[in-house]
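Remarks on the structure that follows.
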Amino acid sequence: MRRVLAPVPIAVICAILALVGLLAYGLAANEPDRKVEESLARGDLQPAPPLELPRLSGVGTESLEDYRGKVVLLNFWASWCKPCREESPLLDRWHQRMRRGGGMVIGVDTLDLVEDARDFIREYELSYPMLRDGEGASRERFGIIGFPETFVIDRRGRIAAVRRGPVDDAFMRSQVARLLRKRS
Amino acid sequence: MKRAAVLVGVLATLLGAPATVAAQCPRTSLGDIEDEVMCPVCGTPLGLATDAPQADRERAYIERLIADCRSKDEIKAALAAQFGDAVLALPGDAGDDDLGDVLVYVIPAVGIALAAAGIAFAVVRWRGTRGPQDRGGDGLAEAERRLDADMERYEL
């Protein structure tokens, strides 16, 4: 009994417990933030987090607040992301459609090199506004864990839908077209 | 003859020029830099990010800047301009040199020293609390001394 309660075994047990605790904390801290999905599942649309970023062109900044009253498709992408290449032409087509219905696509180039991002835009001839978040500060606010991720924001500035991964035509028709038909 | 000498002089100058430029170029290497900067997407130092596409782009960017004759500090500043100060892996690289940058080095050293002292103290105390029968060689010698003393006392 005395051997079990001796300081060295106690120190070893404490060290093991500390390691297990550290591991548990690491797992919990890396758990993806799914507050948006949980709110959407409850039918409770939450306001989009504030977002003000410089334009990718390098001239001036833009805020999500500036687009209140429009349906906004906020797309987080990067030039090194392969699925982003696949969805970009579709996003540009939908940007043209959305403009006619009072909406638009906004791209947020995240954790990317400016030159690479501009080459990407030229290559795919993207016409929608592009913002730049080189440091990736907006990732935490929107709970972004990968690229691309897309948030559909209604005319009142609330997140109405989210897609973790590339968007497709079915998503756009079901989530974006219905909001464009609503006038408020 | 004079014309030939001038020609040789001009040729020597032209051939020597790139070597002079190379000598003036502050040479650094990708390996030297990639341990001091982060791959922002991976959350690890760039040197450890092997398969990430973003890391490959970052390496290509660094190599372009090296070829462009930029110094290590200039390259790190260029990366910070692209990705923010979080791309700099070493404390103090952001230039603010605050107390936190010193503590990053001091706290682990103090922690290791305290842990070593604690373990040493625990081991010494543990050995001190063990009975003579637990003490291997010392216990045996003690028992032999006591046996000899008893045998002398009883004149055996």
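Listed here are the residues, each with its yes/no results for (1) of a type in the set (S, T, N, Q); (2) free of Cβ contacts under 8 Å to residues at least 12 places away in the same chain.
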site: A:Pro89; (1), (2): no, no
site: A:Arg100; (1), (2): no, yes
site: A:Leu111; (1), (2): no, no
site: A:Arg118; (1), (2): no, no
site: A:Arg122; (1), (2): no, yes
site: A:Glu125; (1), (2): no, no
site: A:Glu135; (1), (2): no, no
site: A:Thr150; (1), (2): yes, no
site: A:Arg156; (1), (2): no, no
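Assess whether A:Arg99 counts as being among the basic types (Lys, Arg), surrounded by 14 or more Cβ atoms within 10 Å (Cβ to Cβ) and more than 24 Å from B:Gln54 (Cα to Cα). Yes, satisfied. I'd like to know if segment A:50-69 contains one or more residues that are buried (at least 16 other Cβ atoms within 10 Å of the Cβ) and among the polar types (S, T, N, Q). No, the conditions are met nowhere in segment A:50-69. Scanning segment A:71-79 finds one or more residues that are farther than 24 Å from B:Val41 by Cβ and crowded, with 20+ Cβ neighbours inside 10 Å.
Looking only at helices (runs of 4 or more DSSP H) that lie completely in segment A:69-147, which have at least 2 residues being closer than 21 Å to A:Asp33 by Cα and within 14 Å of chain B (Cβ to nearest Cβ)? Walk me through it before giving the result.
Working: elements: A:82-100, A:114-124, A:138-142.
Qualifying helices (runs of 4 or more DSSP H): A:138-142.
Annotation: B:Ala117 fulfils all but one of (1) out of contact with any Pro (no Cβ under 6 Å at 6 or more places or on another chain); (2) surrounded by 11 or more Cβ atoms within 10 Å (Cβ to Cβ); (3) modelled with pLDDT of 85 or more; the unmet one is (2).
Residues are listed down the side, and each one gets a yes or a no for (1) within 17 Å of A:Arg163 (Cα to Cα); (2) in contact with a helix residue (DSSP H, G or I) (Cβ under 9 Å, 6 or more places away or on another chain); (3) of a type in the set (Ser, Thr, Tyr); (4) not assigned by TED's automatic domain parsing to the domain that holds A:Gly143:
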{"position": "A:Gly21", "(1), (2), (3), (4)": "no, no, no, yes"}
{"position": "A:Tyr25", "(1), (2), (3), (4)": "no, no, yes, yes"}
{"position": "A:Ser39", "(1), (2), (3), (4)": "yes, no, yes, no"}
{"position": "A:Gly43", "(1), (2), (3), (4)": "yes, no, no, no"}
{"position": "A:Pro47", "(1), (2), (3), (4)": "yes, no, no, no"}
{"position": "A:Pro50", "(1), (2), (3), (4)": "no, yes, no, no"}
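Being on the phi < 0 side of the Ramachandran plot, in the same structural domain as A:Pro54 (by TED's automatic domain parsing) and at pLDDT 95 or above: is that true of A:Glu125 here? Spell out the reasoning first.
Numbers: on the phi < 0 side of the Ramachandran plot: no; in the same structural domain as A:Pro54 (by TED's automatic domain parsing): yes; at pLDDT 95 or above: yes.
So A:Glu125 does not fit the description; no.
The residues listed here are A:Glu62, A:Glu38; of these, the one that is closer than 14 Å to A:Arg132 by Cβ and over 15 Å from the mean Cα position of the chain (by Cα) is A:Glu62. There is no residue in segment A:70-77 that is of a type in the set (S, T, N, Q) and free of Cβ contacts under 8 Å to residues at least 24 places away in the same chain. Mind checking which pairs have a first residue in segment B:108-129 that is facing chain A (nearest Cβ under 8 Å) and a second that is part of a helix (DSSP H, G or I) and among the small types (Gly, Ala, Ser), Cβ under 9 Å, 6 or more apart or different chains? Close Cβ pairs satisfying both conditions: B:Gly118/A:Ala11; B:Ile119/A:Ala11; B:Ala122/A:Ala11.
Look at segment B:69-99 and say how many of its residues are at pLDDT below 75 and closer than 19 Å to A:Gly58 by Cβ. Residues meeting the conditions: 0. Taken as a whole, segment A:18-36 holds no residue that is hydrophobic (A, V, I, L, M, F, W, C), in contact with a strand residue (DSSP E or B) (Cβ under 7 Å, 6 or more places away or on another chain), part of a strand (DSSP E or B) and over 30 Å from B:Arg127 (Cβ atoms). For segment A:35-53, the set of residues classified as within 24 Å of A:Asp109 (Cβ to Cβ) and among the aliphatic types (A, V, I, L, M) consists of A:Val36, A:Ala48, A:Leu51, A:Leu53, listed by residue number.
The values are calculated or read from the model by the stated rules, or taken from the named source; none is laboratory data. None of the values given here were measured: they were computed from a predicted structure. Here the Cβ is made from the backbone with ideal geometry for all residues, glycine too, and neighbour counts use every protein chain on show.
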